[in-house]
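Please read the structure below before turning to the comments.
The values are calculated or read from the model by the stated rules, or taken from the named source; none is laboratory data. These figures come from a predicted structure and were not determined experimentally. Neighbour counts are summed over all protein chains in view; Cβ atoms, including those assigned to glycine, are modelled from backbone coordinates with ideal geometry. The protein model used for the area step is the full one, side chains on, heavy atoms only, and it has no ligands, DNA or RNA in it. Shrake-Rupley method; radii C 1.70, N 1.55, O 1.52, S 1.80 Å.
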Amino acid sequence: RAGGGAGRFAGMVDCARAIYRSGGIAALYRGTGITAVRDTFSTGLYFCAFEYLEAKLPGMLRASDHTATLLAGGAAGTLTWFLS
């Protein structure tokens, strides 16, 4: 156990069993819909930012294509993390 101390469950499997017993298979997937909405938005934002930056950075920085791709990926990932 990471935090020390007594917990409610003996482990992840015990927790999953308890959730399944209390609400069935649907209980194990509660929250999946809103997570999919969040991920769809953030993935779309990431790829739009990445494609834009990958096209613009080589001319702006006079950098190689590999460097521009690396920088575009890092900047797009940071932007996505910050906004979502």
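What the table shows:
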{"quantity": "Qualifying residue in the range 66-79 (condition: touching a Leu at 6+ places or on another chain (Cβ under 9 Å) and hydroxyl-bearing (Ser, Thr, Tyr))", "calculated": "yes"}
{"quantity": "Residue tally, condition open to solvent by 90 Å² or more (accessible area, probe 1.4 Å) and acidic (Asp, Glu), over the range 9-61", "calculated": "1"}
{"quantity": "Residue check, residue 30 of a type in the set (D, E, K, R) and within 18 Å of the chain's Cα centre (by Cα)", "calculated": "yes"}
{"quantity": "All positions within the range 62-84 that are part of a helix (DSSP H, G or I) and open to solvent by 100 Å² or more (accessible area, probe 1.4 Å)", "calculated": "65, 66, 70, 81, 82"}
{"quantity": "Test: residue in the range 9-31 that is in a helix (DSSP H, G or I) and on the phi > 0 side of the Ramachandran plot", "calculated": "yes"}
